[in-house]
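**Q** Starting off with a structure, shown below.
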Amino acid sequence: MSTVLITGSADGLGQMAAKLLLDEGHEVVLHARDEARAEQALGAVPGAAGVLTGDLSSIAEVVGLAGQANARGRFDAVIHNAGVYRLPERVETVDGLSLVFAVNVLAPYLLTALVERPTSLVYLSSGMHRGGDPDLSDLQWKRKPWQGSQAYSDSKLLDVALAFGVARRWAGVRSNAVDPGWVATKMGGPGAPDDLAQGPETQVRLAVDDLGSGGYYYHQRMSETHPAVSDIEVQEGLLAVCREITGVEMATT
């Protein structure tokens, strides 16, 4: 039996992954943005071992969430599921960051750096990452005009770069990224064409089975990535930006 933490598991793919893991006999700890969402999450997944709370758009709250996670003891796997999709306009967080970057990229970085190392780390990305731009010069969209779809694609490219960078740095941890497909969740919308049942399956397998490290998967098969995610300069540049913003450094080994 594995113990798995899933961020953003009050609904959608996170909730579905939690139910699959419970059906297999694993222990699952949920995460929600606040107490109201936490109650909703536990109501939807009554077999969960508990729920942690923290707004992933706030650096302080993510640090607090990491503290809650460590207080529970070491997890065997962490699935970084939470995400913000294509916003019609730039939204700024309490820390002055783009909401899309803060939730989709910075929060997984912070939790990875601060939570006791699990055996497996799984980062949700998207096929849209292939249209992402690896330029790190304006990650907060303060100079260029806002484009919601591009901001999302960029963040998903950075998630894969983060997963690959962690895989390269931490030999004892399995670190992989997943494209769950365009499925009919609240984020994906009712017209999404992909198979919803397969949406959570790959991240569950990566969390509890040893499929290696440094991979990008779509429906349990390795898939093509944007070439920039394997560029060490991009990986290290991203880690440096996250360290500069948060003051938290990720261990090199």
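The values are calculated or read from the model by the stated rules, or taken from the named source; none is laboratory data. Nothing here was measured: the structure is a model prediction, and the numbers come from that model. Every residue, glycine as well, gets a Cβ built from its backbone with ideal geometry; the counts of neighbours run over all protein chains shown. Areas reflect the complete protein model, heavy atoms only, side chains present, ligands, DNA and RNA absent. Shrake-Rupley method; radii C 1.70, N 1.55, O 1.52, S 1.80 Å.
**Q** Filter region 122-141 down to the residues that are under 24 Å from residue 244 (Cβ atoms), in a loop (DSSP other than H, G, I, E, B) and touching a residue at least 40 places away in the same chain (Cβ under 8 Å) and list them by number. Step through it out loud before you land on a result.
**A** The initial filter retains those residues of region 122-141 that are under 24 Å from residue 244 (Cβ atoms), namely 123, 125, 129, 132-141.
The next check asks that each one be in a loop (DSSP other than H, G, I, E, B); those that pass are 125, 132-141.
Answer for region 122-141, where residues must be under 24 Å from residue 244 (Cβ atoms), in a loop (DSSP other than H, G, I, E, B) and touching a residue at least 40 places away in the same chain (Cβ under 8 Å): 125, 132, 134, 136, 139, 140, 141.
**Q** Condition first: outside any helix (DSSP H, G or I), open to solvent by 10 Å² or more (accessible area, probe 1.4 Å), under 16 Å from residue 6 (Cβ atoms) and touching a residue at least 24 places away in the same chain (Cβ under 8 Å). Can you find one or more residues in region 93-116 that meet it? Please lay out each step first, then the result.
**A** If we filter region 93-116 for residues that are outside any helix (DSSP H, G or I), which is where we start, we get 93-98, 115-116.
Then keep just the ones that are open to solvent by 10 Å² or more (accessible area, probe 1.4 Å); that gives 93-97, 115-116.
Keeping just the survivors that are under 16 Å from residue 6 (Cβ atoms) gives 115.
The next check asks that each one be touching a residue at least 24 places away in the same chain (Cβ under 8 Å); those that pass are 115.
The answer is yes, given that some residue of region 93-116 is outside any helix (DSSP H, G or I), open to solvent by 10 Å² or more (accessible area, probe 1.4 Å), under 16 Å from residue 6 (Cβ atoms) and touching a residue at least 24 places away in the same chain (Cβ under 8 Å).
**Q** For the condition open to solvent by 20 Å² or more (accessible area, probe 1.4 Å), out of contact with any Lys or Arg (no Cβ under 9 Å at 6 or more places or on another chain) and either assigned to a helix (DSSP H, G or I) or modelled with pLDDT of 95 or more (or both), what is the one hit in 197, 184? Before the answer, list the steps.
**A** Working: 184 fails: either assigned to a helix (DSSP H, G or I) or modelled with pLDDT of 95 or more (or both).
Only one candidate passes the filter, namely 197.
**Q** Now a separate question. Report, by residue number, each residue of region 11-33 that is open to solvent by less than 60 Å² (accessible area, probe 1.4 Å) and either in contact with a Lys or Arg (Cβ under 7 Å, 6 or more places away or on another chain) or among the charged types (D, E, K, R) (or both).
**A** Here is the first cut: in region 11-33, the ones open to solvent by less than 60 Å² (accessible area, probe 1.4 Å) are 11-18, 20-22, 25-26, 28-32.
Within region 11-33, 11, 12, 29 qualify.
**Q** Separate question: How many residues does region 126-168 hold that are of a type in the set (D, E, K, R) and under 17 Å from residue 218 (Cβ atoms)?
**A** Adding up the residues that qualify gives 3.
**Q** So, one more: Looking at residue 66 and the list (1) under 23 Å from residue 247 (Cα atoms); (2) in contact (Cβ under 8 Å) with a residue 12 or more places away in the chain; (3) open to solvent by 30 Å² or more (accessible area, probe 1.4 Å); (4) among the small types (Gly, Ala, Ser), which single condition is not satisfied?
**A** The number of the failed condition is (3).
**Q** Report yes if some residue within region 42-49 is crowded, with 18+ Cβ neighbours inside 10 Å and not in a loop (DSSP other than H, G, I, E, B); otherwise report no. Break it down stepwise before answering.
**A** Step one: list which residues in region 42-49 are crowded, with 18+ Cβ neighbours inside 10 Å, which gives 45, 48.
Of the ones still in play, those that are also not in a loop (DSSP other than H, G, I, E, B) are none.
No; the residues of region 42-49 include none that is crowded, with 18+ Cβ neighbours inside 10 Å and not in a loop (DSSP other than H, G, I, E, B).
**Q** So, of the residues in region 137-156 that are under 17 Å from residue 234 (Cβ atoms) and over 19 Å from the mean Cα position of the chain (by Cα), which turns out to be least open to solvent (accessible area, probe 1.4 Å)?
**A** Taking the candidates together, the pick is 138.
**Q** Against the condition assigned to a strand (DSSP E or B) and surrounded by 24 or more Cβ atoms within 10 Å (Cβ to Cβ), how does residue 78 come out, does it pass? Lay out the reasoning, then the answer.
**A** On the way: assigned to a strand (DSSP E or B): yes; surrounded by 24 or more Cβ atoms within 10 Å (Cβ to Cβ): yes.
Yes: the conditions hold for residue 78.
**Q** Please go through region 1-41 and pick out each residue that is within 20 Å of residue 121 (Cβ to Cβ), among the charged types (D, E, K, R) and in a loop (DSSP other than H, G, I, E, B).
**A** Within region 1-41, just 24 meets the criteria.
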